[in-house]
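Notes follow once the structure below has been shown.
Please treat every number below as a calculation from the coordinates, not as lab data. This one's a predicted model, so the numbers in the text were calculated from it and none came from an experiment. Because the Cβ atoms are built from the backbone with ideal geometry, glycine has one as well, and the counts that use them run over all protein chains shown.
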Amino acid sequence: MIPALMPTYNRADLAFERGEGAWLWTADGRRFLDFGAGIATTSLGHAHPHLTAAIAEQVGKVMHVSNLYRVPQAERLAQRLVESSFADSVFFCNSGAEANEGMIKAVRKHYAETGRPERFRMICFEGAFHGRTLATLSATGNPKYLAGFGPPVEGFDHVPFGNMNAVRDAIGPNTAGIMIEPIQGEGGVRPADLRFLRELRAVCDEYGLLLALDEVQTGMGRSGKLWAHQWAGIEPDVMSSAKGIGGGFPLGAVLAREHVAKYLVPGTHGTTYGGNPLACTAGNAVLDVILEPGFLDGVDRVARHLWRGLQDLAARHPRVAIGVQGAGLLMGLRLREDLSNTAMQAMAVEEGLLTVAAGMNVLRLAPPLIITEAEADEALRRLDRAAARMEPARDRAAAQ
Ligand SMILES: *Cc1c(COP(=O)(O)O)cnc(C)c1O
């Protein structure tokens with residue numbers, strides 16, 4: 001019989017009762033170091049005192065009023081995001097897919113309103129992940145995810161990640177923009193070359209295209225800068241954010257320059273929940289912490305520490321790992337082809353460490369941004385034991 005909870009996920013048989021910082025406890029008292037952070041989402045860890053207090057206070061006042069009225073919490077959060085990014089204006093929604101839908105619509109609308117409605121196509125990349133709605137699935141382009149859901153939404157052309165010649169070849173009279181994750185998350189924690197990102201900006205300028213960045217996973221401090229594109233010294237025309245932006249409370253955002261934002265006038269786009277007082281209170285509380293002087297430097301520091309440790313670990317286990325990839329606190333341990341990343345993930349669970357699988361046979365580490373070096377070291381010890389258990393049996397025997 002089908003479970004009451006629709007079986008769209010292969011869930012680990014773990015249920016957590018409470019958390020604190022980078023740690024989670026099951027009801028039967030087992031403790032886990034959470035280096036998945038709810039898929040790069042609980043950016044401040046669990047039960048962060050500032051975030052929980054802000055939410056608790058707001059919940060007792062007013063949670064939701066709809067966008068028929070002014071929402072001061074949303075106005076404040078938008079203003080702060082504008083001040084700390086390239087953007088002139090922000091639209092709030094509830095998830096990453098929804099932010100990307102808004103971003104795609106904003107790009108199309110820009111061309112429709114400037115007399116070039118034939119420009120509606122986006123150049124996207126192999127290995128991308130942009131979400132599970134029909135349009136974002138089409139932007140994702142993975143045939144496995146698209147199968148069974150009828151014709152894909154029209155207007156997405158895929159080229160190999162990092163291949164500038166292919167990008168240039170794909171530009172045609174219907175091209176509106178280029179949509180890319182600065183670091184492919186689900187696709188394997190694969191960073192775009194900073195030079196490639198700069199070349200994309202340049203080619204957009206050359207052809208009058210819009211650069212649309214999906215920073216749903218890489219944004220809000222995950223890379224060690226507030227936005228991952230800042231490492232490349234470029235600015236997009238429009239960008240999506242979600243995951244870490246609400247610290248675990250559902251919140252998404254489309255951040256746009258004025259020339260993109262100004263056509264989304266009343267009636268063109270909307271949401272019932274999006275940007276409600278509770279969600280934006282969470283967003284403001286997360287931003288309070290991340291914008292504290294020194295916080296992002298701390299993320300960068302602990303990320304470099306973890307990165308070095310992970311490289312040592314990969315070197316110690318050449319029969320398991322072939323390398324480390326990623327940036328900031330979004331890291332991947334790439335496993336040998338004959339081993340499975342989900343098996344390694346299960347081994348890590350046995351050692352009390354939560355991680356997330358990603359494409360390219362990668363085991364993804366995306367811990368809360370508040371982890372200490374001691375917690376990074378503890379994760380490395382647990383991962384080292386998990387890696388030892390992954391050594392193929394014949395190699396283990398030979399080593400004894
Ligand atoms: C997770 C993710 C999405 C989808 O976000 P949802 O909140 O699951 O809809 C989109 N883009 C990227 C880069 C993501 O990592």
Under DSSP loop assignment and at most 14 Cβ neighbours within 10 Å, longest GluC sites (Glu not before Pro)-free interval of the chain: 155-336
Degrees between helix 295-316 axis and first principal axis of the chain (Cα, 0 to 90, nearest 10): 50
Net length gained if the chain between ALA4 and THR26 were fully extended (0.36 nm per residue, minus Cα distance): 5.7 nm
Pairs of lysine residues in the chain - Cα separation under 27 Å, sequence separation of 8 or more or cross-chain: 9
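In the chain, which longest range has no chymotrypsin sites (Phe, Trp or Tyr not before Pro) that are both DSSP loop (not H, G, I, E or B) and surrounded by at most 14 other Cβ atoms within 10 Å?
Numbers: sites that count: TYR9, TYR69, PHE149.
Result for the longest clean stretch: 150-400.
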At 0.692 mPa s and 37 °C, Stokes diffusion of the chain via Kirkwood alpha-carbon radius, µm² per second: 150
In degrees, nearest ten, helix 373-390 long axis to first principal axis of the chain (Cα): 70
Kirkwood-based shape ratio for the range 35-158, expressed as Rg/Rh from alpha carbons: 1.04
The range 260-290-the range 18-90 distance, computed between alpha-carbon centres (Å): 13
Hypothetical label at THR272: residues of the range 71-114 whose amide nitrogen lies under 18 Å (7 Å Cα-Cβ projection): 92-95, 98-99
Euclidean distance of C-alpha centroids, the range 92-149 and the range 203-222, integer Å: 13
Simple spin-label estimate for ASP205 and LYS262 in nanometres, 7 Å along Cα-Cβ: 2.1
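In nm, what is the difference between 0.36 nm times the number of residues separating GLU113 and ALA346 and their Cα-Cα distance? Can you show the working numbers first?
Numbers: separation 233, 0.36 × 233 = 83.88 nm, distance 5.09 nm.
That works out to 78.8 nm of additional length.
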Nearest 10 degrees, 0 to 90: helix 341-350 Cα axis against the chain principal axis: 60
Residue with peak Gaussian network fluctuation, the chain [Cα springs, cutoff 10 Å], from ASP338, ASP28, ASP377: ASP28
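Counting other Cβ atoms within 10 Å of each Cβ, which trypsin sites (Lys or Arg not before Pro) in the range 1-83 have at most 13 and sit in a DSSP loop?
Details: sites: ARG11, ARG18, ARG30, ARG31, LYS61, ARG70, ARG76, ARG80; in loops: ARG11, ARG30, LYS61, ARG70.
Those that pass, being in a loop and sparsely packed, are ARG11, ARG30, LYS61, ARG70.
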Calculated from backbone phi, Karplus (6.51, -1.76, 1.60) coupling profile of the range 221-238 in Hz, x at Gly/Pro: x, 4, 8, x, 10, 4, 10, 5, 5, 5, 4, 8, x, 10, 10, x, 8, 8
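Once you charge only the Cβ atoms, +1 for Lys and Arg and -1 for Asp and Glu, what is the size of the charge dipole of the chain about its Cα centre, to the nearest 20 debye?
Working: 40 positive and 44 negative charges, 71 e Å.
Once rounded to the nearest 20, the dipole reads 340 debye.
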Rough spin-label spacing in nm, given labels placed 7 Å along Cα→Cβ, for ASP297 and GLU57: 2.8
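Please identify the trypsin sites (Lys or Arg not before Pro) of the range 231-299 that satisfy two criteria: DSSP loop assignment and at most 15 other Cβ atoms within 10 Å. Which are they?
Values: sites: LYS243, ARG257, LYS262; in loops: ARG257, LYS262.
Listed in order of number, the matching sites are LYS262.
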Extension gain, GLU154 back to HIS64 (0.36 nm per residue minus Cα-Cα distance, nm): 28.9 nm
Under 17 Å from the ALA388 label point (7 Å along Cα→beta-carbon), backbone N, the range 312-341: 312-321
Highest-MSF residue in the chain out of GLY187, GLY309, GLY60 [GNM, Cα springs under 10 Å]: GLY60
Förster-model FRET efficiency, 22 Å R0, ARG316 and MET360, C-beta, rounded to 0.05: 0.55
